[in-house]
Amino acid sequence: MDLFEAIAAHEHEQVVFCHEPTCGYNGIIAIHDTTLGPALGGTRFWQYKSTDEAITDALRLARGMTYKAAVAGLSLGGGKSVIIGDNKRPDREAVFRAHGRFVESLGGRYITAEDVGTSPADMEFVRYETKHVSGLTGLSGDPSPVTAYGVYVGMKATARAQWGSDSLSGKTVAVQGCGHVGQWLSTYLTEEGVKLIVTDVDSAKVKKVVEATGATAVAPDVIYDQKADIFAPCALGAILNDDTLKRLKVGIIAGGANNQLAEERHGDALAAKGLLYAPDYVINGGGLINVYGEIHGWTSDRSKKKAGEIYDTLLRVYDLAKRENIPSYKAADRLAETRLRGVGGMRPLWMRK
């Protein structure tokens, strides 16, 4: 990989490589854009196959956070951290304190939070070394309930755009991933009378959702073959690809996972097939809103209300897509880029120092 070429491809501002040999910490912090404010993005702890794979993940996720904050109307930029290694290791304090020191070295340009493979307890260790961390125990904590609520209202908005009504009662939704977001989303959907088909690589998580909602469980690989109204990806990314697009039997794709499109051309393919895709960084913006609320001292109700605005944001995306005859993912990008240009192009004012 040509690192500078990769950074330049999407105009990332900064990438920091971090190493602490005493605890085996290897981390990457990617800052994409700080036009709207400090870069915010969680820390992902994952056993990557290679350093190049970790870099690619950090760059993609950081860019997604910029666009997510922009379309959500938040005064934040986009960033992301990845820690390379076994996220099940029990000796976590040294690793996350080392990470916190590197976050602190950026002087507030980057604020971190939890993500895949990390928890509010891990963020407490980060907090020992820096104040530039959110998602702490006793504050906003787990963002999953707000993320799932945003996905739920976004799913309703997508149904309205596709079928003329936002009612989900009687619909069948195939949920891929029964982690925290998938569990909360399944609860919201069950309360509206949705029939659920669920899967996860962790059978214990599947069992929990089935017992709580009466969902039908299927093996992970066959979730794409289920006849349903809506497919809700709530696990890892790149699951909309050449193989899966041929197998989907749904009218809508709306879920909480990041980077669902393996490549942008898969978004074009979805539009060509008549499947309405809810751009991932728009519909799953509730988690970012939850963390933003913690930073600014919002109540949980205020954060949830703000996440409810995802409904109207997605309707704007679909309206633009229809008017311009472009796929929904491109329409979402245009909304984000319009805000970034608008704020970034403002004339600076002279200030007395």
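The values are calculated or read from the model by the stated rules, or taken from the named source; none is laboratory data. Given the structure is predicted, the values throughout are model-derived calculations rather than measurements. No Cβ is skipped: glycine too gets one built from the backbone with ideal geometry, and neighbour counts run over all protein chains shown. Areas reflect the complete protein model, heavy atoms only, side chains present, ligands, DNA and RNA absent. Shrake-Rupley method; radii C 1.70, N 1.55, O 1.52, S 1.80 Å.
Counting only protein heavy atoms, what percent of the accessible surface of the stretch 1-83 is carbon or sulfur at a 1.4 Å probe?
Using a 1.4 Å probe with all protein chains present, the stretch 1-83 comes out at 51 percent carbon and sulfur.
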*Degrees separating the helix 51-72 axis from the principal Cα axis of the chain, which is the longest one*: 70
*Taking K and R as +1 and D and E as -1, what net charge do the other residues with C-beta under 11 Å from the C-beta of A235 add up to?*
-1
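Only loop residues by DSSP count here, and only those with at most 15 other Cβ atoms within 10 Å; note down the GluC sites (Glu not before Pro) in the stretch 1-66 that meet that.
Sparse-neighbourhood loop GluC sites (Glu not before Pro): E11.
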*Got a sec to turn the phi values of the stretch 108-119 into Karplus ³J(HN,Hα) couplings, 6.51 cos²θ - 1.76 cosθ + 1.60 with θ = phi - 60°, whole Hz, x for Gly and Pro?*
x, 5, 9, 10, 9, 6, 6, 7, 4, x, 10, 9
*Express the accessible area of the stretch 62-179 per residue in Å², computed with a 1.4 Å probe while the remaining protein chains stay in the model.*
34
*asked:* Ignoring ligands, DNA and RNA, please state the percent of accessible area on the stretch 84-144 from carbon and sulfur, probe 1.4 Å.
replied: 52
_Segments 203-209, 87-93 sorted - mean Cβ within 10 Å per residue, highest first_ = 203-209, 87-93
*How about the stretch 1-95: which chymotrypsin sites (Phe, Trp or Tyr not before Pro) there are in a DSSP loop, with at most 12 other Cβ atoms within 10 Å of their Cβ?*
none
*Once the Cα atoms of helix 286-295 and of the chain are each reduced to a long axis, what angle between those two axes, in degrees from 0 to 90 to the nearest 10, is obtained?*
30
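What share of Cα pairs, in percent, lie more than 22 angstrom apart in the stretch 23-135?
25
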*Hey, got a sec? Which chymotrypsin sites (Phe, Trp or Tyr not before Pro) in the stretch 85-140 land in a DSSP loop and have at most 13 other Cβ atoms within 10 Å?*
Y128
*Would you mind checking the tilt of helix 328-344 against the longest principal axis of the Cα atoms of the chain, expressed as 0 to 90 degrees and rounded to 10?*
30
*asked:* Taking only Cα atoms of the stretch 253-353, what ratio of Rg to Rh do you get with Rh as the Kirkwood inverse-distance radius?
replied: 1.07
*Over the stretch 208-353, with every protein chain in place, what whole percent of the accessible area is carbon and sulfur at 1.4 Å, could you tell me?*
51
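If you average 1/r over every pair of different alpha-carbon atoms in the stretch 56-97 and take one over that average, what Kirkwood value in Å do you get?
Radius from the Kirkwood sum: 12.1 Å.
Cβ neighbours within 10 Å, averaged per peptide: list 298-307, 212-221 in order, most packed at the top.
Details: 298-307: 16.9, 212-221: 14.6.
Order by mean packing, descending: 298-307, 212-221.
Mind checking the per residue accessible area of the stretch 185-342 for me, 1.4 Å probe, whole number of Å²? Mind dumping the intermediate values first?
On the way: 7200 Å² over 158 residues.
So the stretch 185-342 comes to 46 Å² accessible per residue, rounded to a whole number.
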*By per-residue mean of other Cβ atoms within 10 Å, what is the highest-first order of 145-156, 32-43, 181-192, 329-340?*
145-156, 32-43, 181-192, 329-340
